[in-house]
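These notes are about the structure you will find just below.
The values are calculated or read from the model by the stated rules, or taken from the named source; none is laboratory data. Since the structure is predicted, the reported quantities are computational estimates derived from the model, not experimental observations. Positions of Cβ are backbone-derived with ideal geometry, glycine not excepted, and every protein chain shown enters the neighbour counts.
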Amino acid sequence: MPLHFTSEQRLDDGVLVREFTLGEIPGTLWTPASADPAPLILMAHNNGLPRSADRLVARARHSAACGYAVASIDSAGCGDRPRTAADERARADLRRAMRAGEPADEIFESLVGSLVERAVPEWRATLDALLALPETRGPVGYSGWTAVGIHLAATEPRVAAAGFFAGGYVPRAQREEARRVTVPLLFLLQWDDEGNPRQRALDLFDAFGTREKTLHANLGGHTGTPWFEVEDGSRFFDRHLR
């Protein structure tokens, strides 16, 4: 599939922001001011939130200012892309269960499992297209949505390091697949995350197969990850992608 850039903007810090399409996949690429090819980081928001979300954009801009090319996409069923009838039913069931205070794991299993299976082939196609550009190069990092990141890191040999956010449901298939993740890993956990049981996140960290894994836990709820963790994430990628 050919990649087409549809818009571009040069920010005050020299970072170039370009929107692109790859077939039906919409994406954004941030590249640093330097003309040299930059290591690529794939950045995904938890559970399919749009690539335009403020927290993701802030992280992407920071990483690009630190010398990385950063790409994010809205994969199938995510962001503004069309959802299947099954997606819509699962989301409606999830809203009802949460309003009623009922267990929602099986609904998450169906919804998130489907999103992961559709997302990873699109991320790999995006990786193929972006590494063909003169302004990007490997090794490649991954940052963000844990469920997608596990499946991608376990199946895509070009991913050399990964940073995962513990918030967000991880399907059973990816919890089992975690032992196949052998790249260096930084795992961020919010200790008081309302919707994500702490012990499940700790068990997942224990399951990762890599010999180089670091857990950072901070007090606070789901969206309370301190900004210094973003800065420390840049140092993590410096160690493994430079």
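The table below gives the values:
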quantity	calculated
Residue in region 174-181 that is over 27 Å from Pro39 (Cβ atoms) and not hydroxyl-bearing (Ser, Thr, Tyr) present	yes
Search result, residues across region 225-241 that are surrounded by 13 or more Cβ atoms within 10 Å (Cβ to Cβ) and over 13 Å from Cys66 (Cβ atoms)	Thr225, Pro226, Glu229, His240
Tyr169, sole failed condition from (1) aromatic (Phe, Trp, Tyr); (2) assigned to a strand (DSSP E or B); (3) at pLDDT below 95	(2)
In region 87-113, residue farthest from Pro37 (Cα to Cα) [restricted to those that are among the small types (Gly, Ala, Ser) and in contact with a helix residue (DSSP H, G or I) (Cβ under 7 Å, 6 or more places away or on another chain)]	Ala97
Residues of region 5-58 satisfying the condition of being touching a residue at least 60 places away in the same chain (Cβ under 8 Å), among the aliphatic types (A, V, I, L, M) and surrounded by 15 or more Cβ atoms within 10 Å (Cβ to Cβ)	Leu22, Ile25, Leu29, Ala38, Leu40, Ile41, Leu42, Met43, Ala44, Leu56
Residue check, Arg200 over 17 Å from the mean Cα position of the chain (by Cα) and closer than 26 Å to Leu40 by Cβ	no
Residues being surrounded by fewer than 18 Cβ atoms within 10 Å (Cβ to Cβ) and of a type outside the set (Lys, Arg) - total across region 161-204	11
Which listed residue is under 13 Å from the mean Cα position of the chain (by Cα) and of a type in the set (A, V, I, L, M, F, W, C), from Leu219, Leu152	Leu152
Residue among Arg51, Arg59 that is at pLDDT below 90, under 17 Å from the mean Cα position of the chain (by Cα) and at negative phi	Arg51
Residue in region 65-82 that is without any contact (Cβ under 8 Å) to a residue 24 or more places away in the chain, among the basic types (Lys, Arg) and farther than 26 Å from Phe187 by Cβ present	no
Ala119, sole failed condition from (1) outside any helix (DSSP H, G or I); (2) in contact with a Cys (Cβ under 8 Å, 6 or more places away or on another chain); (3) not hydroxyl-bearing (Ser, Thr, Tyr)	(1)
Flag if Ala64 is crowded, with 20+ Cβ neighbours inside 10 Å and modelled with pLDDT under 95	no
Residues of region 28-60 satisfying the condition of being of a type in the set (D, E, K, R) and over 15 Å from Arg235 (Cα atoms)	Asp36, Arg51, Asp54, Arg55
Thr214 being surrounded by fewer than 15 Cβ atoms within 10 Å (Cβ to Cβ), modelled with pLDDT of 95 or more and touching a Leu at 6+ places or on another chain (Cβ under 7 Å)	yes
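Rundown of residues vs (1) under 28 Å from Phe5 (Cα atoms); (2) out of contact with any helix residue (DSSP H, G or I) (no Cβ under 9 Å at 6 or more places or on another chain); (3) assigned to a loop (DSSP other than H, G, I, E, B), yes/no style:
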{"site": "Leu133", "(1), (2), (3)": "yes, yes, yes"}
{"site": "Pro139", "(1), (2), (3)": "yes, no, no"}
{"site": "Ser143", "(1), (2), (3)": "yes, no, no"}
{"site": "Val148", "(1), (2), (3)": "yes, no, no"}
{"site": "His151", "(1), (2), (3)": "yes, no, no"}
{"site": "Ala154", "(1), (2), (3)": "no, no, no"}
{"site": "Pro157", "(1), (2), (3)": "yes, yes, yes"}
{"site": "Ala162", "(1), (2), (3)": "yes, no, no"}
{"site": "Arg175", "(1), (2), (3)": "no, no, no"}
